[in-house]
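Colleague: Quick one: the structure is below, and I'll ask about it shortly.
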Amino acid sequence: MNRNVGLVLFPGFQILDAAGPVAAFEIAERFRPGSYAFTLLAPGGGEIESSSGVRMGARTLDDTRFDTVIVAGGDGTRSLSDLVAVVAWLKTVEARRHASVCSGAYLLAEAGLLDGRRATTHWSRTDDFARRYPKVRLDADRIFIRDGEVWTSGGITAGIDLSLALIEDDLGAEVARRTAQQLVVHQRRPGGQSQFSALVELGGRTGRFGDLMDWMRGRLHEPLPVERLAAQAAMSPRNFARAFTAETGTTPAKAVERLRLEAARTAVEAGVDPIDRVADATGFGDPERMRRAFLRAFGQPPQALRRAARR
């Protein structure tokens, strides 16, 4: 079955938002010839300039029926008034599935395709997205999310994760696995977007919580509930949780776990202290709790990371 896949571009799109999915579907097509026909689309068609200045050729938006429509993201989504043609087309195009990469979720949301659905977007845009589209059930930490036949993905390279998931949905896990091997990427990347967010390290977009982050690092072995963090920041717990999430793109609890994971991984790979002592010193309390956190974040237990570091 030949599935017609359309990838929507616009001036200022992020080149990897397009190139990642193009490469993934190209390789899947090698393993299962006749599975996909891939088309780049844009308002007016022609040569479309990305945010990097590199151009890609696209066909104009028309009334073709697609199996799957994917919308790229990028700096161009910051001027949604310039993309009314894309939004209007998304409202009318016939497609079995709609998907977005990175901030392409803004265009799906503008077209009403995300109302009442779970969705994600780039971690740095989540607070703005949540304010603009309160009807969308935003999960800022997910690499990609499927809600029915609408799929959204996080920042930039997550378009590859999204594409592998779409390929698996179409052609099965074996083709998706072989495609991932050829791309030299995880078929299912461990952890969420917050592990890649520099905002936690910096204390937020403005550095507002930088001193608090330093204070937390020195007390990872102690209980760090949101009430204690709020008191240290001289804020009410509710106001602190809201402000911290808006600044860093992640919740206080997830930030604490991330700092603990970073400290624990460094200690585990150093190979000096026993695993249970590392768990205690970094605030996990018991090795089993730390093991579960490692599996969520890194896809491997502490013992496997220690063995790999020794090798």
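The values are calculated or read from the model by the stated rules, or taken from the named source; none is laboratory data. All figures in this text were calculated on a predicted structure; none of them were measured in a lab. Reconstructed Cβ throughout: ideal geometry from the backbone, glycine too, with neighbour counts over all protein chains shown. Please note that ligands, DNA and RNA were not included when accessible areas were found on the heavy atoms of the full protein model with its side chains. Shrake-Rupley method; radii C 1.70, N 1.55, O 1.52, S 1.80 Å.
Colleague: Under 7 Å by Cβ, and 6 or more places apart or on different chains, what pairs join a residue from segment 283-294 that is farther than 13 Å from HIS221 by Cβ and free of Cβ contacts under 8 Å to residues at least 24 places away in the same chain with one that is open to solvent by 10 Å² or more (accessible area, probe 1.4 Å) and of a type outside the set (Lys, Arg)?
Modeller: PRO287/ILE275; PRO287/ASP276; ARG291/PRO301
Colleague: May I ask you to verify whether ALA264 is among the small types (Gly, Ala, Ser) and under 19 Å from ASP286 (Cα atoms)?
Modeller: yes
Colleague: Oh, and also: Within segment 262-271, is there a residue that is in contact with a Pro (Cβ under 6 Å, 6 or more places away or on another chain) and either of a type outside the set (Asp, Glu) or modelled with pLDDT of 85 or more (or both)?
Modeller: Among the residues of segment 262-271, at least one is in contact with a Pro (Cβ under 6 Å, 6 or more places away or on another chain) and either of a type outside the set (Asp, Glu) or modelled with pLDDT of 85 or more (or both), which makes the answer yes.
Colleague: Show me the strands (runs of 3 or more DSSP E) entirely contained within segment 1-105 in which 2 or more residues are in contact with a helix residue (DSSP H, G or I) (Cβ under 7 Å, 6 or more places away or on another chain) and surrounded by 23 or more Cβ atoms within 10 Å (Cβ to Cβ).
Modeller: Working: elements: 3-8, 36-42, 46-49, 55-60, 66-71, 95-100.
Because the criterion is at least 2 residues that are in contact with a helix residue (DSSP H, G or I) (Cβ under 7 Å, 6 or more places away or on another chain) and surrounded by 23 or more Cβ atoms within 10 Å (Cβ to Cβ), the strands (runs of 3 or more DSSP E) in segment 1-105 that meet it are 3-8, 66-71, 95-100.
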